[in-house]
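Heads up, the thing below is written out as C-alpha cells.
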Amino acid sequence: MKIAVCIKRVPDSETRVKIASDGKSIDEAGVKFILNPYDEFAVEEALRLKEKAGTGEVVVVALGSVAAQETIRTALAMGADRGVLLQSQGLPPDGLETAKGLAAELKDAGFDLILFGKMAIDDYNHQVGPMVAELLDLPCVTTVAHLEIAGGRGTAEREIEGGVEVVEFPLPAVLTTDKGLNEPRYPALKGIMAAKKKPLEVKLTAPGPGALEIIALTLPPERQAGKIVGEGSAAVAELVRLLREEAKVL
Amino acid sequence: MAAKFQGVDFYDVDGLLSEEERAVRDTVRSWVDERLMPIIGEHYVEGRFPKQLIPQMAELGLFGANLPEEYGCAGLNNVAYGLIMQELERGDSGVRSFASVQGALVMYPIYAFGSDEQKRRWLPKMVSGEVIGCFGLTEPDYGSNPGGMITVAKETKDGWVLNGAKMWITNGSTAQAAIVWAKTGKLDDVNSIRGFIVPTDMKGFSAKDQKGKLSLRASDTSELVLEDVCVPKDALLPKSSGLKSPLMCLTQARYGIAWGAVGAAMACYDEAVSYAKNRLMFGRPIGGFQLQQARLAEMLTEITKAQLLCLQLGRLKDQGKATPQQVSLAKRNNVNIATDVARETRRLLGANGILAEYQAMRHLANLESVYTYEGTHDVHTLILGQEITGLSAFN
C-alpha cells in the first residue's frame, strides 16, 4: 500500500493573529504554526492502513515555504516514511494552483491512496483535495469519517445531515478526512529524533498566479462581554425582560 | 477540545531552542492539555496518583528520555529533557515527580553504576513502564544528612542481607523495583554506602503509603521497611561507591526540578493573567488595578529569569560542564520563585483561588514539598555558601 498524504502548514488556531501592514495577509511574527489538524487525521489514517497491511509506504507532500519542512517533520515524527516539499514563495490564493503543483508531483507515482484533510483551518477552502482528484482523473470521496480498504476497493462513511452515507470506490482514489475518523497519535520522542534522519526531498516550484486575488483581510469585530443577569429561577423574569426589550428576540 | 496552553515566552526563549527541542516540548504540552489537565484536579482532591497515565507516558518516551537509545530510551539532549519536566510540572508536580524518579533516580543510577547485564535487564522494562522504580535514600532520622543513614547491607555467601527503613519515597508502593542505598561497612563510614536494586516482592520488604499529605496529593509517597531482605550478589550496583553516588543521582533529579518549577510557575502566571483580565470588580477588570499589575510584572520577570537560567544550565550540561553547585543555584532559585508565583496567583484569584477548579493552590501546596525535597532550599543555600567561601557549614 503506497499512500500519499498532502499536508499544510497553518497558524495555530489558538494563536492571536495580527493583520500585516499590507492589509491582506497575516503578520507571521510570533505566530505559532502547526500541522493542519484535519491533515493529522489523514496522516494517522495512512499510518494505520500501512500498519494493518504490514507493508507499504507513507509519503507526506506539502506545497509551501521553506518553513513547511518543520510541518513535514511533524508528520515524519508521527511515523511517515519520507517527505517531499514543493517549495514555493508562499502559497497562491487560488487553490487550483496549489492543486496543479501537487497533482504534477503525485501523477504516475503509483499511489494507491492520496489523502487530504477535508480543509485547511486557515482558509477554509475545502478545495485542493477534490481539485487534485479531478486533475489526476481519480475518484474522490470527501469528509471521510470511517474507512475500510480491502481487495483493491474502499468503503467510506461520510457523516451527512441527519445520517451516514456509505460510499464504495475503486483504488487508486483521493480522499479527504474528517474529524472522528481516528484519534491522531502524538509524535513520540523517539519519533521526533528519528524524523531528523528520514528523507525529505525539496523541489523548487513556482505556482502560477491563478485567477483569484486577496484584496483585504480583516479581523472579526470584537465580541461584546456577556451579561449574567442572576442565578436560578429568580433570574427568569429579568432574562425574559431583556430578551424582549434589549435583544428583541421574543 | 481541551484548552491549549500557550506557554509564557517574553524574551523569545523559543528562538534559542532547536526544532527538535520545540517539537518535544509541544508533544508533551499537548499531552498534558488533553490527558492530564481534565483529570488532575479530581485526582488531587481524592489523593490518587493517575496510574492509568503510565502506559501513555511510556509510549511518548518520557521515562529516562535523556539516556541512550541502545536501551530503548529517546536519547534526547538535556534541554529537551528539561522541557519535558517543565511541561509535566505545568500539569502537576506529582506527575513530574513520578517521571523524575523513574528517569533520574532509578534509571540513571542503573545506567551510571550498573553492570551491562543490569542495564540490559532493567532499563528497557523501565522505559516501557513495565517496571516502575523508586529511590530509597532518605530515612526517618536522616533527611538533609543522608550520610548518617543507618540502613545496612551485610554480605553473605550468596549475596546481601538488607535491614533498615526509608521514608518519603515517591512511587514506593507502586514500584516493582527499589534502588536502596545502604552502608556495607561501619555506620560512621560514608564511603561504604552502596546502591542495590531490590525487587519489591522480596521477602521482608514492605511499603506503606504515608497518609495525611496536604501536598503532592496526586503522588504516592511511602515508607519502605527492609527486614532481613536477602538479595543475590547481582543486586549490587557494582560501580556505586560512597555517598557521592546517590548525590550524583540527586543532581540529575534536581536539574529536572529546576525546569519543572518553571512549568508550575508558568501555569500559575497564565491563570493569573487570564483571571485578572476577566474578573470584574468596581466595574472593571482587576488587571487594571496597580496592585495586580505589580503582581503580574513580578511574576513575568521571575519566570523569564528562571527560563534563561534553566536553558543555559542545560546547554552547560550538554557540554559536560554543569557543576552540582550550578544545579543547586537553579533548583533553589526556581522552586523559590515558583512558590512565590503560585502564592501570588492564589491571592490574585481571591476566594476562587482556594478551589481545586483553579490550579494555583494545588501548585502552591505541591511546591512546598518541592521546596523541601531533593535538598531543601536551605541546604542548597549552604552548598552555594560553601562554593563561594570554601568553608563548609555542614561539618
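The values are calculated or read from the model by the stated rules, or taken from the named source; none is laboratory data. Here the structure is a predicted model, which is why all the values come from computation and not from measurement. Ideal geometry is used to build each Cβ from the backbone, glycine not excepted, and the neighbour counts take in all protein chains shown.
Would you check which residues across the range A:137-148 are under 18 Å from A:R48 (Cβ atoms) and surrounded by fewer than 20 Cβ atoms within 10 Å (Cβ to Cβ) and list them?
Hits for the range A:137-148 are A:A145, A:H146, A:L147, A:E148.
From (1) surrounded by fewer than 14 Cβ atoms within 10 Å (Cβ to Cβ); (2) assigned to a helix (DSSP H, G or I), pick out the condition that doesn't hold for B:K331.
Every listed condition holds for B:K331 apart from (1).
Okay, residues lined up against (1) in contact with an Asp or Glu (Cβ under 8 Å, 6 or more places away or on another chain); (2) under 30 Å from B:S18 (Cα atoms):
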site	(1), (2)
A:E157	yes, no
A:F169	no, no
A:E183	yes, yes
A:P187	no, yes
A:G191	no, yes
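Tell me the residue from A:T143, A:T155 that is within 26 Å of A:L35 (Cα to Cα) and among the hydroxyl-bearing types (S, T, Y), please.
None of the other options fit; the residue is A:T143.
Spot the failing condition for B:F196; the list is (1) buried (at least 22 other Cβ atoms within 10 Å of the Cβ); (2) within 18 Å of B:A253 (Cβ to Cβ); (3) of a type in the set (F, W, Y), and only one is missed.
(2)
Within the range A:42-65, can one find any residue that is of a type outside the set (K, R), within 12 Å of chain B (Cβ to nearest Cβ), closer than 25 Å to A:G110 by Cβ and touching a residue at least 60 places away in the same chain (Cβ under 8 Å)?
no
Pull out all pairs, ordered by first then second residue, where Cβ-Cβ is under 7 Å, the residues are six or more apart or on different chains, the first lies in the range A:238-250 and is in contact (Cβ under 8 Å) with a residue 24 or more places away in the chain, and the second is part of a loop (DSSP other than H, G, I, E, B).
Hits for this filter: zero, empty list.
Would you pick out the residues in the range A:107-130 that are part of a helix (DSSP H, G or I) and surrounded by fewer than 23 Cβ atoms within 10 Å (Cβ to Cβ)?
A:P130
Which of the residues belonging to the range B:119-138 are within 18 Å of B:S245 (Cα to Cα) and in contact with a helix residue (DSSP H, G or I) (Cβ under 8 Å, 6 or more places away or on another chain)?
Selection gives B:K119, B:G133, B:C134, B:F135, B:L137, B:T138.
Conditions (1) over 17 Å from the mean Cα position of the chain (by Cα); (2) over 20 Å from A:G79 (Cα atoms); (3) within 8 Å of chain A (Cβ to nearest Cβ), marked per residue:
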residue: B:M57; (1), (2), (3): no, no, no
residue: B:L62; (1), (2), (3): no, no, yes
residue: B:P68; (1), (2), (3): yes, yes, no
residue: B:G75; (1), (2), (3): yes, no, yes
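Identify the single condition in (1) surrounded by 21 or more Cβ atoms within 10 Å (Cβ to Cβ); (2) farther than 23 Å from A:V202 by Cβ; (3) within 14 Å of another protein chain (Cβ to nearest Cβ) that A:T71 does not satisfy, given that it satisfies every other one.
(2)
Here's the yes/no breakdown for (1) farther than 28 Å from B:G375 by Cα; (2) surrounded by fewer than 17 Cβ atoms within 10 Å (Cβ to Cβ):
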{"site": "B:L105", "(1), (2)": "no, no"}
{"site": "B:P109", "(1), (2)": "no, no"}
{"site": "B:C134", "(1), (2)": "no, no"}
{"site": "B:Y142", "(1), (2)": "no, yes"}
{"site": "B:P146", "(1), (2)": "no, no"}
{"site": "B:W160", "(1), (2)": "yes, no"}
{"site": "B:N163", "(1), (2)": "no, yes"}
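Taking the conditions exactly as written (at pLDDT below 95 and surrounded by fewer than 24 Cβ atoms within 10 Å (Cβ to Cβ)), does B:G283 satisfy them or not?
Spelling it out, B:G283 is indeed at pLDDT below 95 and surrounded by fewer than 24 Cβ atoms within 10 Å (Cβ to Cβ).
For the list (1) touching a residue at least 24 places away in the same chain (Cβ under 8 Å); (2) under 20 Å from B:F63 (Cα atoms), I need the number of the one condition that B:A165 fails.
(2)
Got a number for residues in the range A:187-199 being at the interface with chain B (Cβ under 10 Å from one of its Cβ atoms) and free of Cβ contacts under 8 Å to residues at least 60 places away in the same chain?
Result for the range A:187-199: 3.
Out of A:L63, A:L85, which single residue is more than 22 Å from B:E59 (Cβ to Cβ), surrounded by 22 or more Cβ atoms within 10 Å (Cβ to Cβ) and touching a Cys at 6+ places or on another chain (Cβ under 9 Å)?
A:L63
Please enumerate the residues belonging to the range B:62-87 that are crowded, with 24+ Cβ neighbours inside 10 Å and more than 14 Å from B:E21 (Cα to Cα).
Scanning the range B:62-87 gives B:F63, B:G64, B:L67.
Residue by residue through the range B:263-297, note down the ones that are among the polar types (S, T, N, Q) and in contact with a helix residue (DSSP H, G or I) (Cβ under 6 Å, 6 or more places away or on another chain).
Within the range B:263-297, B:Q292 is the sole residue that qualifies.
Looking at B:S241, B:S215, can you tell me which residue is closer than 30 Å to B:T345 by Cα and either part of a loop (DSSP other than H, G, I, E, B) or modelled with pLDDT under 95 (or both)?
Of the residues listed, the single one that is closer than 30 Å to B:T345 by Cα and either part of a loop (DSSP other than H, G, I, E, B) or modelled with pLDDT under 95 (or both) is B:S215.
If I filter the range A:149-185 down to residues being modelled with pLDDT under 95 and closer than 23 Å to A:A53 by Cβ, which single residue comes out as nearest to the other protein chains (Cβ to nearest Cβ)?
Looking at the filtered set, the residue picked out is A:G180.
Taking the range B:353-395 as the region of interest, how many residues are farther than 20 Å from B:G147 by Cα, in a loop (DSSP other than H, G, I, E, B) and among the β-branched types (V, I, T)?
Qualifying residue count, the range B:353-395: 0.
Which residues, counting only those in the range A:136-160, are at positive phi and part of a strand (DSSP E or B)?
A:T143, the sole residue that qualifies.
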